[in-house]
Each structure stands twice: as structure tokens, then as C-alpha cells.
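Contents: one structure, followed by commentary.
The values are calculated or read from the model by the stated rules, or taken from the named source; none is laboratory data. Nothing here was measured: the structure is a model prediction, and the numbers come from that model. Neighbour counts are summed over all protein chains in view; Cβ atoms, including those assigned to glycine, are modelled from backbone coordinates with ideal geometry.
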């Protein structure tokens, strides 16, 4: 959000700090002594190095997620003490549609201690165990009521990177730095006070900032329900530019500030690329902030990155495209983990769209082959967790291969099946229908069915609910001279141990005169047969050499004239 006092150079760049628009309510006065909690929660993982910090964690199994158990809004006021590695918080929540058991359950980092829980100044009973807080409202409210609940708390800043004297403070929503209800979020107003020499950005829209008495106080608001709150604060150099009607800002450490233009240019280009494919960018701004945390990733309207991301141009493009796409997938459309990490599949696919160019490009083929090779080497015939059942990031090696790479592959196959018009129409319908709602694979399926007019239950069922993969073998291939050409006959057999998949198998046929023929073999059963007439003798038949079909590859996928085929692996058949 631009203010009149921003300094605009001839090049159109804007220098901060921002001048105040209005003064937000301040947080409570600092306490003299902060009570300290226990160690960092064991279930909050470090960032896997390949991708970035998780965007959402599933609740513990004994605290099951409901689709939208109740609606929750926050008026959260926080004061940061980075020199001591501590914080004081005051969350004034409104709970709408209180659950039938009249209990309000929250997660809060064990490093933070609750000072009190009150309604209209009166204390209410609560029970705490590790990171869980259970507030008993049976004496003050009925099921379905709206309740104004205030939780005051203080303690160490969650996260080992936020210790005393740290160069910055980085709080992801899943670190439970404020009371959170198992991943369910409503609209929020966030006010943060920090030392005046610090600047902060958050996963919300900045409304105002003021510097007074050695403190900088900044206020943000979220535009709709569904996304958690994340915050980054440090001694940043901030550069902002207006691009296509929205503000893009780079929050960089002093030694990195020369990269501001590069990051803004790349981010603006990615937004322009995605907008016609997915629909309008959901927010009026984007902040890109440098961090020293183990984690890096995208949350609504904010991307956090590590300094090392700047050294690899190709890797930076992939990282920014993946994380920026989360403004659609898990920002405008909130992630619903009980139906799988669908938003990671969509974000990975979005990054592939941006970095690979055409789906037929050499890079696209090479990267699809790499996914199939990893699946063969790391997963194999037994299979892995079904895509819809991947609800966490642990163990990372298996879950990332399923949620990110298999998930993106499934979307690639869906695009092949539907065609570009129906596929991208489905993506836009998905965003339009689900904006501001908790969203699932099932919602995505409905959007694609609406855009295509097809029943996609078999497609989504087999690729989301099965953990294995099809495996294909050419059998009984032979050629016969016929009037005017040659006849090629044979079969493709599904040799995996599980039930057959419903497939359209790409087949390439090469002939002696150098021609290449692309065929598609529909398979709804264990075996599909083909009989094709060609103008010249066939010399080679190959199943899907461009790796368009997700499968467990084997050495029975190629037939070469004059060579004996490898034996069929009967042990793989059911």
C-alpha cells in the first residue's frame, strides 16, 4: 500500500520507511520478567533442503481436523524483544459457531507461557498439555454461540533461529507463535511493536506503521479467512515498486540490497505469467524477504528466502515460481490437509509450467524422466502412501516424492487428457469457487469436471487413492506385409501386481524410412491390443518415450525389429 510520503525517484522506485496512515492500538506495556516455557515442539520439522518450509502442518492425531469446525478471527497484538529472544502476545479472538462440546482448543508453542484466558475480564478455566490448550466454555456459552476470548501469553520466541541477539525474528504460522486452532484460521488483524531500527513484513496487508519512543509499530490485516499468520522482522533495507497496479517490496539484509531489482523483476514476471492461467493474483501486494532461518517458503503475499537462493539463477526461478504460486494454492484457497497436501502438487506443477516452457520441451521431458527414475529407485513395486493420504512432510524423502512430484505429474496427465482449454478453465474455476474456503482434492476434481463436462472419478480415484503405479510391457509384437503397406500387431500388458489402471498409453512407432508415428492405446483392462497399418516396415515400437504417463518403468517397454523381446516378468502379474 503506497503512502504520499514515499520517495519516488525518476526511475519510479520507492524508498521506505513508510509514514503512518493511522495509529494502531498498541500492545500491553512490556513485562519486567518473562516466564519461560519448554523446548521447541518436537513435531515442528526443520525445513527439508530440497523445497522449502512446509506451508501447513496437520494436527496431532488425537486432535482431528474437521472441515471448518468453527470460525475464528484474531486481533493479535505482539511486542518483540529480539535482544532477549522473547515476545509478549495478546490475542483477542472472536469464536463464531462454538462446537457442540463447548470447548475451544488451540495450539501454542511450549516455549510460550499463558498468562491468562479471559472473557470480558473474567478468567475462564483452561487446561494445557505441551502445545495444546483446551478452554472450557460450558459455563459461559452454548454450542453455536459467538464468544470473545482473550489469551495473553509471553516467553521465548519459538524457533532456534530466534534466540537472544539474533539478526532477525522469523515466525511461521506452524510454529504456533500465537493461539491457532489446528490450521483453521479466520480473518486477522495483527499489530507488532519492535525496536525502531527493525522493519517487519507479514502474511497480510500492511495498513499503517509508526515510529515513536524507540519502537516501530506496524499493523496488518488479512483480506479473508483461511490463511495463517507468518512474520519476518529484521534490520532490513526495503525497496518497493508499483507493478501492474500492485506493490512489490524486497526486504533484504544490507549486504544483499543490490538484488532488490532482480527479485522484484522476477516476481512481477511470474505474476504476469500465472494470471491468465489461474485468474487474478489474489492480493494487492507481494513482499519478498530474506531470512536466516532453516526454512524458506511462501505464505500469503509473502515469500521468505535464504541468501543461498540468490546464487543459482535457475534454482531461484523455480523457487520463486513455486512459492509465489502458493498465493493461489494455500493462500486464496486454504490448505485442507485431511484430504492430502494438494496445494504442494499444484505449486510444484505451477513452477514446472513457468520454468519448463512447453510440456514437450527437452527440459520437461528430462524432468519427468527424473521423477520416474526416482520412483523406480526409491519406491518400486510395493508403492508408497497414496497421494490423498499424504498429510504431513515426514518422512521427507517419500512424502515429497509423492506430494510434490507425483502430484504435479498427475496434473500433467490431467492436462493431457482434458486439453488446455478445459484444464486451465478448471484451474480458474477452482480459484473462483473456493477462494477464502478450506479446499481439498475433491474440490479440485469438481472444478475440473465442471470445466470439462467429464466424469473424472476414475481418474482421480486411481491416481489419488492408490499407492502403487502401473507398469507396462509390450507383448506379441509382429509385423505383416499387406497391400499398400505393413501391419503392426501386438499388445500392451499391465504387469503390476495390483488391479489394472484406466489408461491412454502413448506409443511411438518408427519405420524404416525414418517416419515417426504417434499412437494412443486406450486401456481399461489388464491388456490392450493394437493393429495399425503403416506405409513402411516398422523398426521400433516404444511405450511413452517422452514420459507422459506416471508408471514404474521396466525393460519391456521397447520392441526392436529383429531382436528377441525381454521375458515377461510373470511374478509382477496378479
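For region 483-507, which positions are free of Cβ contacts under 8 Å to residues at least 60 places away in the same chain, within 37 Å of the chain's Cα centre (by Cα) and under 16 Å from residue 473 (Cβ atoms)? Show your work before the answer.
Narrowing region 483-507 to residues free of Cβ contacts under 8 Å to residues at least 60 places away in the same chain: 483-489, 491-492, 494, 500-503, 505-507.
So of that shortlist, the ones also within 37 Å of the chain's Cα centre (by Cα) come out as 492, 494, 500-503, 505-507.
492, 494, 500, 501, 503, 505, 506, 507 - these are the residues of region 483-507 that are free of Cβ contacts under 8 Å to residues at least 60 places away in the same chain, within 37 Å of the chain's Cα centre (by Cα) and under 16 Å from residue 473 (Cβ atoms).
Considering each residue of region 340-362, count those that are touching a helix residue (DSSP H, G or I) at 6+ places or on another chain (Cβ under 6 Å), more than 15 Å from residue 273 (Cβ to Cβ) and in a helix (DSSP H, G or I), and give that number.
4
Collect the residues in region 522-549 that are in a loop (DSSP other than H, G, I, E, B) and closer than 13 Å to residue 502 by Cβ, keeping them in residue-number order. Don't jump to the end; show me each part of the working.
Our first condition is that a residue be in a loop (DSSP other than H, G, I, E, B); within region 522-549, this holds for 524-526, 535-537, 544-549.
Matches in region 522-549: 524, 525, 526, 549.
Could you list all residues from region 300-336 that are surrounded by 24 or more Cβ atoms within 10 Å (Cβ to Cβ) and in a loop (DSSP other than H, G, I, E, B)?
300, 301, 326, 327, 328, 330, 331, 332, 336
Of everything in region 129-155, what is in a loop (DSSP other than H, G, I, E, B) and in contact (Cβ under 8 Å) with a residue 40 or more places away in the chain? Give them in sequence order. Walk me through it before giving the result.
The initial filter retains those residues of region 129-155 that are in a loop (DSSP other than H, G, I, E, B), namely 130-131, 137-146.
130, 131, 141, 142, 143, 144, 145, 146 - these are the residues of region 129-155 that are in a loop (DSSP other than H, G, I, E, B) and in contact (Cβ under 8 Å) with a residue 40 or more places away in the chain.
Tell me, yes or no, whether region 224-237 has at least one residue that is within 21 Å of the chain's Cα centre (by Cα), in contact (Cβ under 8 Å) with a residue 40 or more places away in the chain, assigned to a strand (DSSP E or B) and under 27 Å from residue 197 (Cα atoms).
Taking region 224-237 and keeping what is within 21 Å of the chain's Cα centre (by Cα), we get 224-232.
After this cut, where a residue has to be in contact (Cβ under 8 Å) with a residue 40 or more places away in the chain as well, the list is 224-232.
Filter again for assigned to a strand (DSSP E or B), leaving 231-232.
Pick out the ones that are also under 27 Å from residue 197 (Cα atoms) and you get 231-232.
Among the residues of region 224-237, at least one is within 21 Å of the chain's Cα centre (by Cα), in contact (Cβ under 8 Å) with a residue 40 or more places away in the chain, assigned to a strand (DSSP E or B) and under 27 Å from residue 197 (Cα atoms), which makes the answer yes.
With the condition being over 16 Å from residue 348 (Cα atoms), I'd like the helices (runs of 4 or more DSSP H) fully within region 366-465 carrying at least 3 qualifying residues. Spell out the reasoning first.
Details: elements: 396-400, 407-418, 420-434, 441-452, 457-465.
Helices (runs of 4 or more DSSP H) meeting the threshold: 407-418, 420-434, 441-452, 457-465.
Taking region 156-179 as the search range and keeping residues that are part of a strand (DSSP E or B) and buried (at least 24 other Cβ atoms within 10 Å of the Cβ), which one is modelled with the highest pLDDT? If you could, list the steps in order and put the result at the bottom.
Step one: filter region 156-179 for residues part of a strand (DSSP E or B), giving 156, 168-171.
Retained after the next criterion (residues that are buried (at least 24 other Cβ atoms within 10 Å of the Cβ)): 156, 169-171.
On the way: 156: 96, 169: 93, 170: 93, 171: 93.
Ranking the candidates gives 156 first.
Within region 134-151, how many residues turn out to be surrounded by fewer than 19 Cβ atoms within 10 Å (Cβ to Cβ) and at negative phi? Don't jump to the end; show me each part of the working.
Here is the first cut: in region 134-151, the residues surrounded by fewer than 19 Cβ atoms within 10 Å (Cβ to Cβ) are 134, 136, 138-146, 148, 150.
From what is left, the residues that are at negative phi are 134, 136, 138-143, 145-146, 148, 150.
So the answer is 12.
Could you give me the residue pairs with C-beta distances under 6 Å whose first residue belongs to region 415-429 and is in the same structural domain as residue 452 (by TED's automatic domain parsing) and closer than 15 Å to residue 460 by Cα, whose second residue is assigned to a helix (DSSP H, G or I) and at pLDDT below 95 wherever it lies, and which are 6+ apart or on separate chains?
Close Cβ pairs satisfying both conditions: none exist.
Are there any pairs with C-beta distances below 7 angstrom linking a residue in region 434-463 that is within 28 Å of residue 224 (Cβ to Cβ) to a residue that is outside any helix (DSSP H, G or I) and modelled with pLDDT of 95 or more, with the two at least 6 apart or on different chains, and if so which?
So the pair list comes out as 445/456; 448/456; 449/455; 449/456.
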